[in-house]
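Here the structure comes first, spelled out in structure tokens, and everything after it is commentary.
The values are calculated or read from the model by the stated rules, or taken from the named source; none is laboratory data. Please read all numbers here as calculations on a predicted model, not as lab measurements. Here the Cβ positions follow ideal geometry from the backbone for every residue, glycine too, while neighbour counts run over all protein chains shown. When the accessible area is computed, the model is the full protein with side chains, heavy atoms only, and any ligands, DNA or RNA have been set aside. Shrake-Rupley method; radii C 1.70, N 1.55, O 1.52, S 1.80 Å.
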Amino acid sequence: MSHLLEVKNLSVAFPTEDGLVQATDDLSFHVDLGETLAIVGESGSGKSVSSMAIMGLHNPKSTQISGQVLISSLGHSTDVVTASSEEVRRLRGGTVSMIFQDPMSALHPYFTIGNQISEAWLLHNDGTKADARKKAIEMLDLVGISDASNRVDAYPHQFSGGMRQRVMIAMALVNHPKILIADEPTTALDVTVQAQILKLLKDMQHEFNMAVILITHDLGVVAEVADRVNVMYAGRLVEEGSVNEIYKNPVHPYTIGLLASVPRVDQAHGTRLKTIPGQPPSLISLPGGCAFEPRCEFAKFVPGNLCKTTRPQVEEKHTGHLARCHLSAAEIKAHQ
Amino acid sequence: MLKYISKRVFYAFVMLFVLSMVVYLIFGLVPIDPAKLSCGTHCNPVVVEANRHRLGLDIPLWHQWWNFIMGLFQGRTYGEGAAMIHCPAPAFGYSFPNNACVTEVMAGAFPFTFTLAVGAFILWMTIGISFGILAARKKGTYIDRLSTAFVLIGSSLPIFILGLLIYITAFLLHLIDPITQGTWVSPLSDPIGFFRNFIFAWITLALAYAAIYTRLTRSNVIETSTEDYIRTARAKGVAERDVLYRHNLRTALAPLITNAGLDFGGLLGGAIITERVFQLPGLGYMSIKAVLRDYDLPLIMGTTLLAAAFFIFFNLIVDIAYAYLDPRVRLN
Ligand SMILES: Nc1ncnc2c1ncn2[C@@H]1O[C@H](COP(=O)(O)OP(=O)(O)OP(=O)(O)O)[C@@H](O)[C@H]1O
Ligand code: SF4
Ligand SMILES: [Mg+2]
């Protein structure tokens with residue numbers, strides 16, 4: 001059976017004056033209806049670039065994209081990478097929607113929020129403006145905006161950040177998409193509001209039965225809401241598995257380092273949080289070997305110069321638990 | 001919104017009021033004596049003093065200013081008996097070199113200036129905005145480079161050189177007749193003659209201004225295209241065309257209103273060089289004559305104040321238009 005979304009060997013590169021920026025490299029993963037996939041990784045690891053590629057939002061003139069992004073809808077699958085721009089446009093906001101990090105700037109300042117939600121509905125449905133407005137009020141109500149029938153005529157600047165993110169969610173869901181990509185939807189918000197927005201996303205997922213791809217820096221959030229996790233490093237997928245597996249049995253040195261840098265409830269008092277030394281590499285002309293090699297504490301356990309010379313492939317380390325490392329799960333465990 | 005507008009209107013009037021004082025003060029201090037100038041070459045002190053009294057210049061400056069303000073509303077009468085001159089409201093004073101009330105002189109010149117400004121404005125807005133949008137859409141292509149060249153030439157070539165080049169070209173092609181050029185032709189009775197009078201002046205001004213508007217439009221459209229809300233529009237499935245025309249241009253062109261309003265308001269005060277080159281007896285031509293040849297102080301003062309009034313008025317229009325467009329301004 002085909003997956004709702006299947007990304008196969010996706011590479012996204014930007015030609016720049018300094019050279020080719022390989023922002024996403026040979027990325028493969030999938031998502032199914034009803035599940036939440038979290039994508040984590042340091043800033044610049046290619047999380048946004050790959051989700052923009054899923055939406056077909058890259059400018060084809062200034063971007064080199066290869067691989068496949070297969071979206072199944074109504075029994076037939078479309079490859080976003082090769083489909084016509086009109087086909088992709090119909091998918092966007094219909095089958096697959098996206099919300100962004102900064103709700104302050106993601107809404108058009110000159111249009112009322114009702115107008116902006118209505119526009120999204122009218123783009124994918126036949127109906128009058130009055131229908132669209134009714135739909136907008138209904139959605140605003142659903143995402144928890146009180147007095148929706150009046151607030152529908154308000155402008156974005158009259159709303160707080162949390163409210164605007166609710167509006168963004170209402171707009172993204174107005175056409176009942178199958179996939180919702182949320183790119184750091186709470187990073188720009190107050191801590192108290194963050195929890196509310198996450199809960200809203202969870203509620204909406206149940207309401208509309210969709211797949212959610214949640215991009216985040218916050219591993220605490222991942223543990224709470226995600227079913228599976230993709231860990232990315234330097235544009236590559238380094239580990240993928242269920243939340244449980246990844247947190248209990250991380251098998252990639254980068255994931256291990258990432259988890260050690262997060263405060264945990266079960267940690268003994270006084271243990272110092274570890275950070276991963278060094279910086280992520282430049283995405284221009286990455287070395288031939290493992291991208292994490294310069295910062296990896298486990299590289300010394302790999303015989304020869306393998307980590308430096310040979311790029312590791314994604315392998316299944318446990319059932320349904322993938323990682324891109326020359327060491328086996330047992331070897332990692334032995335040296336931890 | 002109404003409160004906002006009435007506040008702006010009030011400020012505009014205050015500004016005009018203060019400005020009239022400043023202008024009066026400055027012209028009261030310049031070493032030109034209108035009374036002496038009014039009585040020609042064979043002149044004796046008695047006549048000068050009589051004229052001074054007739055013109056109301058023998059009283060303190062503040063009082064003169066007050067008479068001036070009152071004259072704007074009530075009209076003014078200079079002298080008595082047979083030598084009496086009456087200027088109906090709004091009276092800006094009396095111009096001896098023209099033997100006419102300043103208001104009358106300005107009213108005669110205004111149609112030229114107004115026609116020149118309106119025609120040039122329509123031309124440069126159309127050229128500037130379309131070229132700017134095109135260059136932004138085709139960023140990096142030869143069309144974009146062409147626009148850069150246009151901007152560079154248009155904004156660096158002094159307007160009198162541009163104007164002369166166009167004038168000479170038109171003259172050599174027998175499209176301009178220096179004898180009849182600049183006499184008012186009604187657009188209703190002779191539309192072709194009317195256009196012949198203005199078309200080259202329009203082109204001159206429009207080219208100079210269009211360069212600025214091309215640059216502004218291009219950079220605003222490109223800058224707006226990187227905004228998050230443009231990405232949002234694409235993400236919800238808006239077609240590229242509508243992303244540009246509905247979402248991008250709305251914000252990209254709004255700041256141009258400021259430039260457009262002030263440039264147009266400024267031009268209504270007279271386009272000195274263009275009017276001079278194309279022999280159009282508008283406000284600009286008239287004021288330069290008043291300054292350089294006639295030392296016609298009342299006329300200079302009148303044109304200065306009129307130009308300032310246009311500028312302030314269009315400032316007001318800009319503020320209101322901006323509030324109308326941008327809810328963040330309107331609702332604050
Ligand atoms: N249009 C572009 N041209 C050139 N480089 C780009 C472009 N867009 C993104 N990049 C580069 O691609 C890399 C990956 O960027 P991306 O936005 O996907 O990171 P991210 O994982 O989302 O990070 P963050 O957590 O900070 O959002 C970055 O190094 C970025 O500088
Ligand atoms: S391949 Fe080598 S360098 Fe890369 S993560 Fe594994 S051990 Fe570390
Ligand atoms: Mg990002």
ask   = For the subset of segment A:15-54 comprising residues that are part of a strand (DSSP E or B) and within 14 Å of chain B (Cβ to nearest Cβ), which member is farthest from ligand 3 (Cβ to nearest atom)?
value = A:Pro15
task = Report, ordered by the first and then the second residue, all pairs with beta carbons closer than 6 Å, sequence separation of six or more or different chains, a first member in segment B:231-254 that is at the interface with chain A (Cβ under 7 Å from one of its Cβ atoms) and in a helix (DSSP H, G or I), and a second member that is crowded, with 16+ Cβ neighbours inside 10 Å and small (Gly, Ala, Ser).
result = B:Thr232/A:Ala106; B:His247/B:Ala233
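Identify, from the list B:Leu173, B:Leu164, B:Leu157, the residue that is modelled with pLDDT under 95, more than 19 Å from B:Arg276 (Cβ to Cβ) and open to solvent by 30 Å² or more (accessible area, probe 1.4 Å).
Only one candidate qualifies: B:Leu173.
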ask   = Does A:Leu4 count as away from chain B (no Cβ under 14 Å) and either within 16 Å of ligand 3 (Cβ to nearest atom) or aliphatic (A, V, I, L, M) (or both)?
value = yes
ask   = In segment B:141-154, which residues are of a type in the set (A, V, I, L, M), touching a residue at least 12 places away in the same chain (Cβ under 8 Å) and surrounded by 14 or more Cβ atoms within 10 Å (Cβ to Cβ)?
value = B:Val151
So B:Thr274, is it modelled with pLDDT under 95 and surrounded by 21 or more Cβ atoms within 10 Å (Cβ to Cβ) = yes
task = Might you let me know whether segment A:232-245 holds any residue that is assigned to a strand (DSSP E or B), within 15 Å of ligand 3 (Cβ to nearest atom), assigned by TED's automatic domain parsing to the domain that holds A:Ala172 and not basic (Lys, Arg)?
result = no
ask   = Here is a list of conditions, (1) open to solvent by less than 10 Å² (accessible area, probe 1.4 Å); (2) away from ligand 1 (no atom under 16 Å from the Cβ); (3) among the aromatic types (Phe, Trp, Tyr), and A:Tyr155 meets all of them except one; can you say which number that is?
value = (1)
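Take the residues of segment B:281-332 that are assigned to a helix (DSSP H, G or I) and of a type in the set (Asp, Glu): which is modelled with the lowest pLDDT? Walk me through how you get there before you give the answer.
If we filter segment B:281-332 for residues that are assigned to a helix (DSSP H, G or I), which is where we start, we get B:283-294, B:297-325, B:327-330.
Next cut, of a type in the set (Asp, Glu) only: B:294, B:319.
On the way: B:Asp294: 81, B:Asp319: 91.
Among them, the one singled out is B:Asp294.
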task = Looking at (1) more than 21 Å from A:Ser105 (Cβ to Cβ); (2) in contact with a helix residue (DSSP H, G or I) (Cβ under 6 Å, 6 or more places away or on another chain), find the lone condition where A:Gln165 falls short.
result = (1)
query = Can you spot a residue in segment A:90-112 that is of a type in the set (S, T, N, Q) and either more than 13 Å from every other protein chain (Cβ to nearest Cβ) or at positive phi (or both)?
reply = no
task = Would you mind finding the one in B:Ala239, B:Ala233 that is of a type in the set (A, V, I, L, M, F, W, C), open to solvent by less than 40 Å² (accessible area, probe 1.4 Å) and out of contact with any Leu (no Cβ under 9 Å at 6 or more places or on another chain)?
result = B:Ala233
key: Residue that is farthest from ligand 1 (Cβ to nearest atom), among those in segment A:282-291 that are open to solvent by less than 40 Å² (accessible area, probe 1.4 Å) and out of contact with any His (no Cβ under 8 Å at 6 or more places or on another chain)   = A:Gly289
query = If we scan segment A:82-91, do we find a residue that is in contact (Cβ under 8 Å) with a residue 60 or more places away in the chain, away from ligand 2 (no atom under 16 Å from the Cβ) and open to solvent by 30 Å² or more (accessible area, probe 1.4 Å)?
reply = no
